[in-house]
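Heads up: the structure comes next, in structure tokens.
Readers should treat all values here as calculations from the given coordinates under stated rules, not as data from a laboratory. All of these numbers come straight from a predicted model, not from anything done at the bench. Here the Cβ positions follow ideal geometry from the backbone for every residue, glycine too, while neighbour counts run over all protein chains shown.
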Amino acid sequence: MSRVLVPCHVKGTVALQVGDVRTSQGRPGVLVIDVTFPSVAPFQLQEITFKNYYTAFLTIRVRQQTAPHTPARWVTCLRDYCLMPDPHSEEGAQEYVSLFHHQMLCDMARVVELRLILRQPSPLWLSFTVEELKIYQLGPKSPSVVFPKWLSHPVPCEQPAPLLEGFPDPSRVSSKVQQMWALTEMIRANHTSTRIGRFDVDGCYDLNLLSYT
Amino acid sequence: MLQEESDLSLIIAQIVQKLKGSNLYAQLERQAWASLQRPEIKLESLKEDIKEFFKITGWEKKLQNAVYSELSVFPLPSHPAAPPEHLKEPFLYMRKALGSWEKRILKSLNSMCTELSIPLARKRPVAEQKELLNKWNEMGTDEPDLSLFRPVYAPKDFLEVLINLRNPNYENGDPLSFRTHLGLIQVPLKVKDIPELKEYFVELGLNTGQLGIDDSTQVPPELFENEHVRIGQKVLAEQDSAAAQQYIRQGSPTALRAELWALILNISGQPEDILYYEQLKTNVIQYDLLVDRLTYKDVKLTASNDDYYFVFEDYLYQVLLCFSRDTSVLGHFAYNCASPPKSYIRGKIGLEEYAVFYPPNGVIPFHGFSMYVAPLCFLYHEPYKLYQIFREMYVRFFFRLHSISSHPSGIVSLCLLFESLLQTYLPQLFYHLREIGAQPLRISFKWMARAFSGYLATDQLLLLWDRILGYNSLEILAVLAAAVFAFRAVNLMEVTSLAAAEAVLADISTLKVMPLLQIFLFATVT
């Protein structure tokens, strides 16, 4: 299924915290990222890709245009998706993740806006976010090719002239020859990535110092 | 699930590509062509008939073994957007630390080169080549002056780098929190705890027979040993790598060990392998490398001084010098985040056509490297077989012991596993040692970095390495280190300094490995 990148505008993260952000001691455990699509009409969302950076749980809410003249509604399409099995340890902390429309709780048609709610309950991490966020929509189906009539409706072939005795059946011979040809083609297409084993260049291994780059 | 199917087809495609260049592929092709002569192979059902032929003649088993062997080192399937360095090591701070450590090693080697005015590599004059060829089987009698050479680094230097490893996003501040690391390693990798280890090492449990415990003289052999040997012979007859790996988790009988290890590592003695080894030998004779001096020095300092291994000194040179020239080892950098050192032909700096790796295998030996080879000398007597087994063990396991990575079998995870096991299950001992300034990892690091080679008695070491092969993981080294501390806990509680603690643990050659592991994992009241 083809997919097409949708240009989006990712707004800055907003921390949700009780009390004044500047004076309180602890670090926020919930962040919200809004994603808008300023120049795109409501579209069918296919896939969301991003690189995690120490986020433990992800919730996604989507604003969908249900009917032409009603205001768009917010719906939760992914709830508490676990990115880090143990929020205190590093497992899954910097992984690349893809989320597909079939994993979502609702139908992802006519998406207008996205909201990602990131949660990291562990106080051990200094910050957390998601990076390299990319949204994809369903690509156009490949255009159907129109075949010329003689190709799509071949004329039934006439019965061949009766064979002389002792000759093999031509259709069997041709199928065998085809198979042999396919084998030779496969062998010719083989290429290998093994090394030859020489470590010098043209018989010379006189080196400078080791390079640092 | 669509995702899993596409992952699987990607893995299959990659393994097929890898195996296409191998000897096995050429042999299978030859066999397939030869089989066309047979009457049961028909052209219409060519594919099925040849598959059936392979099954009957045992070639399918060989292919299965090869695929199994590739899968054991294959990195897990990952996201298409992930760049290649992310596949090898997902954490950026680890890649950076590894990069700066490698730079340090390169600087050290370069300065040795310029100070001593010895080139990194030179072609030997013909007379010297002849002399070396004559002396090939007794290179140990050579006494070159190596006093000016020093090892590039020792395990304790590497430990200092690991201690300073920090995740920039982690709370490393002063106030002690519930997750402060009281040990030396300060990165929060995920390690197994004892319930998870019990499940992982279930075949080492109290109810399962073990070689190393149930083959001692007091136990009648009919109870376990005879049956185990019989099963081992059957596994060897079947030539199945996966079955051998499962079997060896309970230990390997001494008589079958060499063949079992070769089967698990998928090494069969082919004429091509002997030729390959001879080619490497020719490379050693033709070229003299600076790292050869480091190898000599290492062997003289470590293996030659060891009571068990000094007899194998000549073998060690024959293996290690060839190892430095083997470019096939470069293949392991596909799943190892480290990078092989690079250099250019003299006068052609910066031109990519003249870029080469130095040493040709990309691995710079350090102090104690030869101890990875020494125990294998007890099992294999032909140099080419010994060489192949060592090379395979290195690219599967030993490279993880001197490289910075977050892999569960990497040395960082092993250190963290050791420290967390000790801290959780022997808190008093851990606290006491920390208070007297004897952090336990400072003592156990050298054991783990050498996979206990040179510290345990040889038969015990081989029983331990059986389990490394059986579980395809090095975590058992950390468990054994913790078990040794648990065993000597009473004595350690009475020491008052790091030197005294080291003295208590200086000699572990009398210890029996399997009872210690069993007691620590399955019989300790927690």
From the options B:SER328, B:SER339, residue that is within 12 Å of chain A (Cβ to nearest Cβ), more than 25 Å from B:MET112 (Cα to Cα), surrounded by fewer than 22 Cβ atoms within 10 Å (Cβ to Cβ) and polar (S, T, N, Q): B:SER328
Elements of type helices (runs of 4 or more DSSP H) in segment B:226-299, at least 2 residues being over 24 Å from the mean Cα position of the chain (by Cα) and in contact (Cβ under 8 Å) with a residue 24 or more places away in the chain: B:271-286
Within segment B:299-342, how many residues turn out to be charged (D, E, K, R) and over 30 Å from B:GLU89 (Cα atoms)? 5
Restricting attention to segment B:479-503, the residues that are surrounded by 20 or more Cβ atoms within 10 Å (Cβ to Cβ) and over 24 Å from the mean Cα position of the chain (by Cα) number exactly 2
Among the listed residues A:THR66, A:THR76, A:THR49, which satisfies the condition of being more than 14 Å from chain B (Cβ to nearest Cβ), part of a strand (DSSP E or B) and of a type in the set (S, T, N, Q)? A:THR76
Within segment A:119-139, the residues that are within 14 Å of chain B (Cβ to nearest Cβ), surrounded by 18 or more Cβ atoms within 10 Å (Cβ to Cβ) and in a strand (DSSP E or B) are A:TRP125, A:VAL130, A:ILE135, A:TYR136
Taking into account only those residues within segment B:19-50 that are more than 14 Å from chain A (Cβ to nearest Cβ) and surrounded by fewer than 13 Cβ atoms within 10 Å (Cβ to Cβ), which is nearest to B:ALA244 (Cα to Cα)? B:ALA34
Would you call B:ILE508 surrounded by 19 or more Cβ atoms within 10 Å (Cβ to Cβ) and part of a loop (DSSP other than H, G, I, E, B)? yes
Given the residues B:PRO80, B:PRO90, which is the only one that is touching a residue at least 60 places away in the same chain (Cβ under 8 Å), at the interface with another protein chain (Cβ under 10 Å from one of its Cβ atoms) and farther than 19 Å from B:VAL356 by Cα? B:PRO90
Of all residues in segment B:342-376, count the ones that are within 14 Å of chain A (Cβ to nearest Cβ) and either among the polar types (S, T, N, Q) or out of contact with any Lys or Arg (no Cβ under 8 Å at 6 or more places or on another chain) (or both). 16
